[in-house]
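The values are calculated or read from the model by the stated rules, or taken from the named source; none is laboratory data. Just so it is clear, the structure is predicted and the values come from calculations on it, not from any experiment. Because the Cβ atoms are built from the backbone with ideal geometry, glycine has one as well, and the counts that use them run over all protein chains shown. Only protein heavy atoms, including side chains, enter the accessible area calculation; ligands, DNA and RNA are left aside. Shrake-Rupley method; radii C 1.70, N 1.55, O 1.52, S 1.80 Å.
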Amino acid sequence: MKHYMKEKIDYSDSRGGVLGLARKKANRSGKGLIHVVAKKLWSYSLGTIALWIPVSNLRVMLHRLRGVKIGKGVFIGTNVVIDNAYPESIRLEDDCAVNANVTLIAHTNTYKHFKNLVDSHLDGIVVKKGAWIAIGSIVLPGVMIGEYSIVSAGSVVSKDVPPYSIVRGNPAKIVTKFPPGLIELDD
């Protein structure tokens, strides 16, 4: 299973603005408009607090409350943006680290004049066990960061990162692959 969430989003009728999009989501989910809007406000509020709270464990707790799937021993740095619209589409597995100023965005919302060029879509992000995303990186929709891999500082990741590798740049490219035996695991 490469990705665990993939959905094309229809933003074609933008006349209703944000409220119109919330109505569409409420109709799709079978939940009321107030429920959908309240959930978004709750998620946005928790995400905003999590940006600057000084303790990683509290940031992890706030993001879990938003719906982000987070394993054990995860580190989340300050000013980390985890998709505001669809936090439930992000999964951070055990012992991974997301350093400061990283953005994890799992959806695109194409402006109407580009709708013939680019589809709006939702495609989850998975950061596998032990992976490390260094400061200032951006991870785009549909990416899986492999086990014990490293995303170098300031990289833009638009494709999957294989396990036990280091990627760097914009777009991120593999610069090193290393054997699993180099990783020191806690017993």
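Consider P163 carefully, then state whether it is of a type outside the set (A, V, I, L, M) and either touching a Phe, Trp or Tyr at 6+ places or on another chain (Cβ under 9 Å) or closer than 23 Å to G73 by Cα (or both).
Here the answer is yes, as P163 does meet what is asked.
Within segment 125-153, track down each residue that is under 15 Å from D94 (Cβ atoms) and of a type in the set (S, T, N, Q).
Of everything in segment 125-153, just one residue is under 15 Å from D94 (Cβ atoms) and of a type in the set (S, T, N, Q), namely S149.
If L41 satisfies every condition in (1) modelled with pLDDT under 55; (2) closer than 19 Å to H107 by Cβ; (3) of a type outside the set (D, E, K, R) but one, which is the exception?
Condition not satisfied by L41: (1).
Every residue in segment 58-87 that is in a strand (DSSP E or B) and farther than 14 Å from Y44 by Cα, please.
K69, I70, F75, I76
Please go through segment 81-90 and give me each residue that is at pLDDT 95 or above and surrounded by fewer than 21 Cβ atoms within 10 Å (Cβ to Cβ), ordered by number.
Residue satisfying the conditions is V81 alone.
Restricting attention to segment 92-106, and to residues there that are part of a strand (DSSP E or B) and either among the hydrophobic types (A, V, I, L, M, F, W, C) or surrounded by 21 or more Cβ atoms within 10 Å (Cβ to Cβ) (or both), which single residue is nearest to the chain's Cα centre (by Cα)?
Ranking the candidates gives L104 first.
Can you name the strands (runs of 3 or more DSSP E) wholly within segment 116-187 that have at least 1 residues being open to solvent by 30 Å² or more (accessible area, probe 1.4 Å)?
121-123, 165-168, 173-177
Looking at this structure, is L122 aliphatic (A, V, I, L, M), within 14 Å of the chain's Cα centre (by Cα), over 14 Å from L92 (Cβ atoms) and modelled with pLDDT under 95?
yes
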